[in-house]
Amino acid sequence: MSTDSKAKPGTPASPTEATSLKDRGNLFEIATKQVEKAMKLINLEPNIAEILAQPKNEIIINFPVRMDDGSIKMFKGYRVQHNNVLGPYKGGIRYHHEANLDEMKALAAWMTYKGALHEVPFGGGKGGVKVDPRAHSKAELERITRRFTSALGNNIGPEWDIPAPDVGTNSQTMVWMMDTYVNIVGQNERNSGRGVVTGKSIAAGGSYGRSEATGAGVVHCITEWARDRNFNLDGCHVIIQGFGNVGSFTARLLSKLGAVVIGVGDAGGYLANSEGINPHKLGEHVGRTGSVAGYKGASKITRDEFFALEADVFVPAALELELGVKEARALKAKVVVEGANGPTFPEAEEILLGKGTDVIPDILCNSGGVIVSYYEWLQNKRSEQWEHEDVLDRLEKRMVHTYAQVRHYAAAKKCDWRTASYAIGLERLRTCYNERGIFP
């Protein structure tokens, strides 16, 4: 693990490509500190804070799957259900070789506050399987998914807990989950059961606009930030870490506004081109190879060189805890827009804010996915199919509205935007608990 010679004692070391997620710090503890800061700001009642301090349910499943060679391999799966006072649990399913319980707890808690902030009637959940999806065939991934779904049983459901795609999963994964679920629940619930997951393909009951939703939400926040700062996005320089669904759609949508992507990176390496990187061609390359590495339209650079690029906008859209103290000191960006969940160490955020870099937090800007997931869920419940333009218009309206609320709250309370975002969500949860009480 790399270290920063200028870091204070006890400061977490900056991550590197070789750094294991579990060695970067406990994600749930970091998430808890973020929320506690907002709880203190609004003077949240201790009883409500006690309820929100831990998930309601932590499910761990060990299940066998037959491999292509006929052997049996055991896999560990998770589903954490943090809170459902505002609606059914909602959150992604992650396939990653470092998936762990504390990670799921943090991500599930973030989903609770994300839904509350955007007034989406969902609670927070998160799940996944400890597996490297790149190491398995499509047939093996299908069997892993179906066995995992079967093992979860009635721990998920369209009115109880609604999974969605996340790192390492996609619409095909969700279709397998949905099909497994509806074949378990019974013939008379096959159609209504389609709403058990969101992020499905269109043919299987998905929503137009869902694939680009998270990236679109990120870009709406960048556009609003630019309007507030009287900053011209046309010709501005952007760097993006992570080029999966969120990073690639963010790059494509920003390029339509005239922004120039000059640097990209993922687990396979980092690239730069001062003249601009074509996001469509890079996306095609990543689709074929699984990484930005080897793309001919840019030059290979180091991770340190990537963070030191002369850019106006930085979008971390990879995994959590990628932006450490060293990276924060190197960044020259005017704004950091968190496309990923929890990409920034708290100490790194302090450095960014201290040098005048704006930080638009994940809970605000990467919520396009859960917002359009809500729209998909509604379409399934109503047996409807909304027009693509209608979905995207609704998403833009919701993102712009919430952005304005956070901007006003942060200014009124003189706090950072992350704390403001959590505080707004907490106040809505507080109102609900104070009205409903605890049964019995």
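The values are calculated or read from the model by the stated rules, or taken from the named source; none is laboratory data. Note that the structure is a prediction, hence the values are computed from the model and not measured. Neighbour counts are summed over all protein chains in view; Cβ atoms, including those assigned to glycine, are modelled from backbone coordinates with ideal geometry.
Structure data summary
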| item | result |
| --- | --- |
| ILE30, sole failed condition from (1) out of contact with any Asp or Glu (no Cβ under 9 Å at 6 or more places or on another chain); (2) surrounded by 11 or more Cβ atoms within 10 Å (Cβ to Cβ); (3) hydrophobic (A, V, I, L, M, F, W, C) | (1) |
| Criterion (part of a strand (DSSP E or B) and assigned by TED's automatic domain parsing to the domain that holds ILE156) met by exactly one of GLY92, GLY87 | GLY92 |
| The lone exception for LYS138 - which of (1) modelled with pLDDT of 95 or more; (2) among the basic types (Lys, Arg); (3) crowded, with 22+ Cβ neighbours inside 10 Å it fails | (3) |
| Inter-residue pairs, beta-carbon under 7 Å, first more than 15 Å from TYR113 (Cβ to Cβ) and among the acidic types (Asp, Glu) and in region 15-34, second at pLDDT 65 or above and buried (at least 19 other Cβ atoms within 10 Å of the Cβ), 6+ apart | GLU17/ARG303 |
| The one condition in (1) assigned to a loop (DSSP other than H, G, I, E, B); (2) on the phi < 0 side of the Ramachandran plot; (3) not assigned by TED's automatic domain parsing to the domain that holds ASP132 that GLY25 fails to fulfil | (2) |
| Per-region count, region 361-374, residues within 14 Å of GLU212 (Cα to Cα), in a helix (DSSP H, G or I) and either among the hydroxyl-bearing types (Ser, Thr, Tyr) or free of Cβ contacts under 8 Å to residues at least 60 places away in the same chain (or both) | 1 |
| Answer residue from region 240-257, given it is over 21 Å from the mean Cα position of the chain (by Cα) and in contact (Cβ under 8 Å) with a residue 24 or more places away in the chain and is farthest from ASN341 (Cα to Cα) among those | LEU257 |
| Residue within region 369-387 that is over 24 Å from ILE162 (Cβ atoms) and either modelled with pLDDT of 95 or more or of a type outside the set (A, V, I, L, M, F, W, C) (or both) present | no |
| Matching option when the condition is touching a Phe, Trp or Tyr at 6+ places or on another chain (Cβ under 7 Å) and more than 29 Å from SER150 (Cα to Cα), among ILE277, ILE239, ILE222, ILE202 | ILE239 |
| Residues of region 169-196 classified as more than 14 Å from SER211 (Cα to Cα) and assigned to a loop (DSSP other than H, G, I, E, B), total | 3 |
| Failed item, numbered, when VAL260 is tested on (1) free of Cβ contacts under 8 Å to residues at least 40 places away in the same chain; (2) farther than 21 Å from VAL218 by Cα; (3) surrounded by fewer than 24 Cβ atoms within 10 Å (Cβ to Cβ) | (2) |
| Condition met for LEU395 (surrounded by fewer than 19 Cβ atoms within 10 Å (Cβ to Cβ), out of contact with any Leu (no Cβ under 9 Å at 6 or more places or on another chain) and either within 30 Å of ASN191 (Cβ to Cβ) or assigned by TED's automatic domain parsing to the domain that holds PHE249 (or both)) | no |
